[in-house]
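A.B. asks: One structure coming up, written as C-alpha cells, with questions to follow.
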Amino acid sequence: MPAHAPAPAPDRLPLVANRQARRLLLEVQGLAEAPGRRLRLGELPALVERLGFVQVDSINVVERAHHQILFSRCQTYRPAQLTRLLERERSLFENWTHDAAVLPSRFWPWWQPRFQRERERLAGRWRNWHGTDFEGYIAHVAERIAAEGPLMARDFGGDQPKGRSGSQGAGWWNWHPEKVALEYLWRTGVLAVSRRVAFQKVYDLAERVIPDEHRGPAPDPEAFRDWTCRSALERLVFATPGEIARFWDALTPAEATGWCRARLAAGELVEVAVENADGSRRPALAFAGLPERLAAEPEVCRPPARLRALSPFDPLLRDRQRLARIFGFDYRIEVFVPAAKRQYGYYVFPLLEGERLVGRADLKADRQADTLKVQGLWWEPKLRASRARQKALEAELERLRRFAGVGEVAPA
C-alpha cells in the first residue's frame, strides 16, 4: 500500500475472530500442543527457536522464569536439559533482547548489528558512571579473561588497572567497575556466558563459547531489517509495525514501518482486522495466506484443556496491552510494587485453561518448609469455580510441586 493511501476501515478487512486470534497465538507460542508429551533433548532448541527467545530472570519463587516458561509448554522438561544445551552442546546462548534471554546459537550473526548499537549506546552511559578511564577497565577485564580463561565478577573485585583513581563502590546497582566492564563486554558480544555457578555468570571470550559454524559475518543493514521484522511477525502472527519493532527491541518503529510498506506493496503481507475480547476490531498486518487458512480452517488448532500456571515472564504475557485486548486479561508483575500497594501479590502466576486466561495464583515454593504455598487465588470475574476447575488446579499444583522439588502443597 502506498504510504499516502488511507487505511481501509476495519470492517472492510478480512477478519481474524477473537477465538481464532487466541488460538493462533497459543499455537505459535508452543501452548497448543499436549503439555504431557515427552520432550527429547534435540527438540528443546527447536522449541526455543519457535518462541524466539526465553527470558532469563533471577527470581526463584517456584522455579526461575526460563525453566518455568519451558515447563509450561512441556511438563516433562527438566532444567538439566537446558543447562546441557547452553554449557556443553552450545546450541543455545545467553544475551539480550528486551532483557536477558536464552537464544538459538544460530541467531548469533543477527546479533552483530545489535552489538554495534550497544557499544555506542552503553559506552557513554557507563563512562559517566566510572569516569573517563572506563576503557582501561574494559581492556583490563578482556585481557585477563583472554589469558586466564573463564572468570566471574567475584574474580575481579580487588583489581585496579593502571591509572585508576577514586572509589570502587560507585556504579550501576553499586557494581564494582570490573563487573560493569564484564556486562558491557557481554552485551557487546566480546564475551559470552560460558556457564553459571549458583546463577552467577561465568564469562569467557565469545569465540571460545559460540561454535565456529554460528560465528558468521554480520548481515548488511537491509538483510538485518528484513530478518528482524520477518522473524518477529512469524512469532506474532498479526501485528502493527510498532509491535514488530518491539519484539526483538532491535529496530525503531520507523524502520519496521518502512519494511511493512515494502512487503505490502510486494504482496507478502496483507491487512487484517483482529477482533478483540470486547468485540472491537483493530487493524493489523499478517503474512499473505492467513485469511485463506482461516477460511479453510475456521476452528484453527484447539489447545489442550489442561489448566496451566504461566510464569509472570512468559512470552505470551510480555505485551500487556496486546494481552488485555486479545485475551481480556489485565495483568502486571507486582514484584517492584510496595507490598501495601499490590493488588494481588509479589509473584502471581496467570492460569491458562484451554484458550482462556481464567485466573491467577500467588504461589511460592517454601523449600525450608518443603511446601508449595498457595498464598492467594483469584478466578476471573463471571467465571465459576466449578468442582472440575478446582480439580484441574489441584492437578497443576501437584505438577508444580514436583517440578519445584518440594514435598507437599499447602492450600490457601
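A.B. asks: Looking at Ala309, Pro219, Leu251, which one has the Cα that reaches farthest to the positive end of the dipole of the chain (charges on Cβ: Lys, Arg +1; Asp, Glu -1)?
C.D. replies: Selected residue: Ala309.
A.B. asks: Still on this structure, please answer the following. For Ala288 and Val409 in one chain, what is 0.36 nm times their gap in residues minus the Cα-Cα distance, to one decimal in nm?
C.D. replies: That works out to 38.8 nm of additional length.
A.B. asks: Further, regarding this structure: Can you pull out the trypsin sites (Lys or Arg not before Pro) in segment 238-340 whose DSSP state is coil and whose Cβ has at most 16 other Cβ atoms within 10 Å?
C.D. replies: Arg306, Arg318, Arg332
A.B. asks: Could you work out the mean projected area of the convex hull around the alpha carbons of segment 209-360, in square nanometres to one decimal? Mind showing how you got there, number by number?
C.D. replies: Working: hull surface 51.5 nm².
So the mean shadow area of the Cα hull is 12.9 nm².
A.B. asks: Using the Kirkwood radius over C-alpha pairs as Rh, can you work out the diffusion coefficient of segment 1-84 via Stokes-Einstein at 20 °C, viscosity 1.002 mPa s, in µm² per second?
C.D. replies: 139 µm²/s
A.B. asks: Whole-Hz Karplus ³J(HN,Hα) for segment 216-227, in order, using 6.51 cos²θ - 1.76 cosθ + 1.60 and θ = phi - 60°, x for Gly and Pro?
C.D. replies: x, x, 5, x, 6, x, 5, 5, 5, 5, 5, 5
A.B. asks: Starting from the amide H of Ser194, placed 1.01 Å from N in the peptide plane, find each other amide H under 5 Å away whose residue is 5 or more places distant or on another chain.
C.D. replies: Answer set, sorted by chain and number: Val202, Tyr203, Asp204.
A.B. asks: Sticking with this structure for a sec: Could you tally up the Lys pairs in the chain with alpha carbons closer than 27 Å? Skip any pair fewer than 8 positions apart unless they're on separate chains.
C.D. replies: So the count works out to 13.
A.B. asks: Right, another one. How large is the charge dipole for the chain, taken about the Cα centre, if only the Cβ atoms of Lys, Arg (+1) and Asp, Glu (-1) carry charge, to the nearest 20 debye?
C.D. replies: 1040 debye
A.B. asks: Calculate what fraction, in whole %, of the accessible area of segment 258-300 sits on carbon and sulfur atoms when a 1.4 Å probe is rolled over the protein chains.
C.D. replies: Working: 1050 of 2060 Å².
Result for segment 258-300: 51 percent of the exposed heavy-atom area is carbon or sulfur.
A.B. asks: To the nearest µm²/s, what D does Stokes-Einstein give for the chain at 20 °C and 1.002 mPa s, using the Kirkwood radius over alpha carbon pairs as Rh?
C.D. replies: Once the numbers are plugged in, D ends up at 92 µm²/s.
A.B. asks: Share of Cα-Cα pairs in segment 30-133 beyond 16 Å, in percent?
C.D. replies: Value for segment 30-133: 63 percent of Cα pairs lie more than 16 Å apart.
A.B. asks: Using unit Cβ charges (K, R positive; D, E negative) and no other charged atoms, how large, in debye to the nearest 20, is the dipole of segment 317-362 about its Cα centre?
C.D. replies: 200 debye
A.B. asks: If you take every residue apart from Leu352 with its C-beta less than 11 Å away from the C-beta of Leu352, what net charge results, scoring Lys and Arg +1 and Asp and Glu -1?
C.D. replies: Around Leu352, the charge tally is +2.
A.B. asks: If the viscosity is 0.692 mPa s and the temperature 37 °C, what translational diffusion coefficient in µm²/s does Stokes-Einstein give for segment 292-412 when Rh comes from Kirkwood over Cα pairs?
C.D. replies: Numbers: Rh = 15.7 Å.
The diffusion coefficient I find is 209 µm²/s.
A.B. asks: Related question: Where only protein heavy atoms count, and the probe is 1.4 Å, what is the accessible area per residue for the chain in Å²?
C.D. replies: Value returned for the chain: 45 Å² of accessible area per residue.
A.B. asks: Return the carbon/sulfur percentage of the accessible area of segment 302-411, one whole number, probe 1.4 Å, all protein chains in place.
C.D. replies: For segment 302-411, the apolar C and S fraction of the accessible surface comes to 48 percent.
A.B. asks: Let me ask something additional. Leaving out ligands, DNA and RNA, what percent of the accessible area of segment 17-81 is carbon and sulfur, probe 1.4 Å?
C.D. replies: About 48 percent, which is the carbon plus sulfur part of the accessible surface.
A.B. asks: Place a +1 charge on the Cβ of each Lys and Arg in segment 303-412 and a -1 charge on the Cβ of each Asp and Glu, then give the dipole magnitude about the Cα centre in debye, rounded to the nearest 20.
C.D. replies: That gives segment 303-412 a dipole magnitude of about 260 debye.
A.B. asks: Once the other residues with Cβ under 12 Å from the Cβ of Gly376 are scored (Lys, Arg +1; Asp, Glu -1), what is the net sum?
C.D. replies: Numbers: positive: Arg342, Arg360, Lys364, Lys373; negative: Glu334, Asp362.
Taking every Cβ under 12 Å from that of Gly376, the sum is +2.
A.B. asks: Given only helices, namely DSSP H runs of n ≥ 4 each adding -39500 (n - 2.57), what is the per-residue ellipticity at 222 nm of the chain, to the nearest 500 deg cm²/dmol?
C.D. replies: Taking each H run of at least 4 residues, the total per residue is -11000 deg cm²/dmol.
A.B. asks: If you don't mind, there's one more thing I want to ask. List the residues, sorted by chain then number, that are 5 or more residues from Arg281 or on another chain and whose placed amide H is less than 5 Å from its amide H.
C.D. replies: Hits under the 5 Å cutoff: Asn276.
The values are calculated or read from the model by the stated rules, or taken from the named source; none is laboratory data. Just so it is clear, the structure is predicted and the values come from calculations on it, not from any experiment. Methodologically, a virtual Cβ is constructed for each residue, glycine included, from the backbone with ideal geometry; neighbour enumeration extends over all protein chains shown. Only protein heavy atoms, including side chains, enter the accessible area calculation; ligands, DNA and RNA are left aside. Shrake-Rupley method; radii C 1.70, N 1.55, O 1.52, S 1.80 Å.
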